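The values are calculated or read from the model by the stated rules, or taken from the named source; none is laboratory data. These numbers were taken from a predicted model, which means no experiment stands behind them. Neighbour counts run over all protein chains shown; Cβ positions are idealised from the backbone, glycine included.
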Amino acid sequence: MGKQLNLPIGEKVPMDTSSMIETITKKLFCEVKSCVSNLDGKRVVFSAYNSNIKPVGGWPSGEEIEAREFPSISRPAVLAAIDSSCIHIADVEDGSIYVARVASVFFYNKKPQNHIRIGPIIFYLNERTLMNFMCEDCRDDRLSGLILLDDSIAQSMIRTRLERTFAMELARDLSEGVIMIDGSLRSSIFDVRGSNLLGILSAAKRNDNKVIGISKSSRHRILNKLSGKLQSITKAPLYTDIHRLVSPILKSVEGHILLVKFADDGLVFRVDIGNFDDDFEDLLSRVKYNDCFFRGYPESLRLAHHLSVFTSSEDISVKSYLSERFGVVELPAEDPRKIALGSLKIGPLRKSVPR
């Protein structure tokens, strides 16, 4: 290591480190040596940076599940898929600036009909504006402090508010439609009175609408293992009811949890059915008949995602708008981590062969 980093080595070593190395090695490695030896012959999936990857075909599982087919009944209905995105734009001396967007795509009889996209919406959060943004029911000093300190929590709050507001309007305005939410049907600490998840489900029921949540991925190991069972079955559409197995560990879910495979060559997704909907097969059939699927994922949700995300040029445009409209003063900035650690210039492992 010293040769790699070209560390200067003096003529005299101030202390003998061999005994220290031996002591630390014993403390750090001897305790876990027996655990690591249990890896012999294990099947693994090596992680990738900032990615949630799963083995092709899913993990093996000893749990027995019952896979059921559901039909694709010819019953046209309006599908309204919702997704949103939020990015951190800037730090301010007393807070942070975020920009967000929410989008909805409407499908009917396998064809996209229309879409709505609202944003970019700029949010400036500090101690004062955050109190105005949060409702009286959810004002909490500890939660407010976390929002102001952690960008990911602030972004989650903003996205939740946008999606809940949008879903409530759809639940009130649509009739006999299906509202499709990206993610699980899980109550949030950021829900507000008037547009919380339970209120959305109630409003949807009054207008004979259905609410369904579809998760692209999950970090819960039990779900990943159970999905492998369904993935191994070559035919589709299929679903399996796993609610009793996972409900004890997945809290605040306002619905019934299924695993669904919509297409023969598709992936298996977690699907949450709203509390007021008991006929799972009828609802899944409506989605299957009226939507299109890419690797088993609904095209309506895929389009809503692409309509909501921000491009790098939009990021620059928002920053330019803030500078021109509000006269914000950009301070010289640096990355302390890069300055403190520097960087190692490492070339490619092998050179490409010229053609």
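Summary of values
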| item | result |
| --- | --- |
| Sole residue being without any contact (Cβ under 8 Å) to a residue 40 or more places away in the chain, under 22 Å from Arg75 (Cβ atoms), more than 19 Å from the chain's Cα centre (by Cα) and surrounded by 14 or more Cβ atoms within 10 Å (Cβ to Cβ), chosen from Ala204, Ala236, Ala263 | Ala263 |
| Given (1) crowded, with 19+ Cβ neighbours inside 10 Å; (2) part of a loop (DSSP other than H, G, I, E, B); (3) among the acidic types (Asp, Glu), number of the condition Glu163 does not satisfy | (2) |
| Residues located in region 241-275, provided they are among the polar types (S, T, N, Q) and in contact with a helix residue (DSSP H, G or I) (Cβ under 7 Å, 6 or more places away or on another chain) | Asn275 |
| Meets criteria (of a type in the set (Gly, Ala, Ser), surrounded by 10 or more Cβ atoms within 10 Å (Cβ to Cβ) and either in contact with a helix residue (DSSP H, G or I) (Cβ under 7 Å, 6 or more places away or on another chain) or modelled with pLDDT of 90 or more (or both)) for Ser317 | yes |
| Yes/no for Pro248 being surrounded by 15 or more Cβ atoms within 10 Å (Cβ to Cβ), more than 21 Å from Val102 (Cα to Cα) and modelled with pLDDT under 90 | no |
| Complete set of residues in region 113-149 that are of a type in the set (Lys, Arg) and at pLDDT below 90 | Arg128, Arg139, Arg142 |
| Count - residues of region 267-295 that are in contact with a strand residue (DSSP E or B) (Cβ under 6 Å, 6 or more places away or on another chain), more than 15 Å from Leu79 (Cβ to Cβ) and in a loop (DSSP other than H, G, I, E, B) | 2 |
| Residue list for region 268-279, filter: buried (at least 19 other Cβ atoms within 10 Å of the Cβ) and out of contact with any Lys or Arg (no Cβ under 6 Å at 6 or more places or on another chain) | Phe269, Arg270, Val271, Asp272, Ile273, Gly274 |
| Check on Val329, farther than 19 Å from Ile73 by Cβ, out of contact with any helix residue (DSSP H, G or I) (no Cβ under 7 Å at 6 or more places or on another chain) and not in a helix (DSSP H, G or I) | yes |
| Unique residue being touching a Phe, Trp or Tyr at 6+ places or on another chain (Cβ under 6 Å) and of a type in the set (A, V, I, L, M, F, W, C) when the list is Ala263, Ala304 | Ala263 |
| Failed item in (1) surrounded by fewer than 21 Cβ atoms within 10 Å (Cβ to Cβ); (2) within 30 Å of Leu79 (Cβ to Cβ); (3) not acidic (Asp, Glu), with Val211 passing the rest | (1) |
| Matching residues, region 84-129, being polar (S, T, N, Q) and surrounded by 17 or more Cβ atoms within 10 Å (Cβ to Cβ) | Ser84, Ser85, Ser96, Ser104 |
| Close pairs (9 angstrom Cβ cut-off, 6 or more residues apart or separate chains): in contact (Cβ under 8 Å) with a residue 12 or more places away in the chain in region 316-329, loosely packed, with under 10 Cβ neighbours inside 10 Å and not in a helix (DSSP H, G or I) anywhere | Lys319/Glu330 |
| Criterion violated by Val192 - all others in (1) hydrophobic (A, V, I, L, M, F, W, C); (2) buried (at least 18 other Cβ atoms within 10 Å of the Cβ); (3) at pLDDT 85 or above satisfied | (3) |
